[in-house]
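Structure, as structure tokens:
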């Protein structure tokens with residue numbers, strides 16, 4: 001009997017060790033995958049970039065940077081200053097030219113070759129960029145209001161400036177001002193980053209970034225990145241819609257304090273997988289209507305119309321209440337649940 005108990009005990013011990021070993025490697029594998037995803041996302045150049053003034057930056061590739069600096073000074077460039085962009089792992093050396101009115105920006109990057117952008121501003125929203133940006137970043141989707149022409153790495157800055165001068169002909173342009181560069185650059189970086197976050201990641205682009213970083217890409221990371229980005233975009237759009245409603249002036253401060261946490265936005269092209277949550281997160285869905293709410297995840301058509309139809313099937317005491325509609329950032333209806341008394 002004791003021998004049998006001993007054998008059972010050893011089996012239990014062995015099973016426990018095997019389980020915790022499996023758990024350890026599963027956890028480590030999950031952490032490694034997350035590290036790969038983080039590295040890939042960093043390679044996409046999408047972090048919020050805040051420039052910091054840097055008089056004597058520690059250069060990653062000083063010889064190339066010095067050559068670029070000589071070229072732009074020979075063209076009569078006036079310095080806008082030297083900046084560090086820690087979130088992007090780079091240093092920026094910025095200059096202005098009066099004719100054509102362009103910003104010339106030389107990037108000294110930790111991971112990729114230095115490159116040059118020559119930026120011509122048509123107005124507050126549109127710009128033209130002549131760039132020697134390396135392949136790793138070339139696949140990044142650009143905001144549709146911005147135009148860009150790529151040149152081979154190592155192209156002389158004068159060639160880029162000439163491309164900008166030709167594009168400026170016949171167009172109204174904004175002067176490049178040294179004291180405006182920092183704020184303009186950060187606005188443009190945020191605009192570009194915001195646009196990139198809305199795009200489905202192209203597999204070829206993702207693979208090129210992963211290869212450059214020495215990361216093995218399995219395809220799961222791409223799916224996870226796109227899923228996370230879709231969720232972030234939904235949250236951002238909803239927050240922006242609710243902020244737009246707050247600016248309408250239709251509510252007192254006390255009313256808004258009661259309302260804010262009970263609001264949900266619905267817009268026409270809201271991803272279907274999020275539409276059912278409009279109800280599940282805000283009302284007690286009766287059992288007999290669960291299938292109708294679940295079908296919102298599979299349905300087609302404008303989300304606002306489909307939500308309104310299902311909402312009408314709820315009892316008066318359960319249904320969402322339409323608080324208002326907004327036109328920015330998208331056409332959307334804003335609902336609240338039955339909780340607050342307004």
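The table for this structure:
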read-out	value
Ratio of the Cα radius of gyration of the range 55-187 to 2.2 N^0.38 Å, where N counts its residues	0.97
Beta bridges per DSSP with both ends in the range 52-206, % antiparallel, nearest 5	85 percent
Order by protection proxy (mean Cβ within 10 Å, highest first), peptides 109-118, 269-278	109-118, 269-278
Average Cα contact separation per residue, the range 52-206, under 8 Å, 6 or more apart, as relative contact order %	21 percent
Three-way shape call for the range 226-336 based on the alpha-carbon gyration tensor, with the a/c threshold at 1.5	oblate
Kirkwood-type radius of the range 269-324, with distances r between different C-alpha atoms, in Å	11.3 Å
Highest to lowest packing among 127-133, 260-266, 72-78, 332-338, scored as the average C-beta count within 10 Å	127-133, 332-338, 260-266, 72-78
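Bear in mind that the values in this text are calculations on the coordinates, not laboratory data. Since we're looking at a predicted model, the values are computed, not measured. We place every Cβ from the backbone using ideal geometry, glycine too, and count neighbours over all the protein chains shown.
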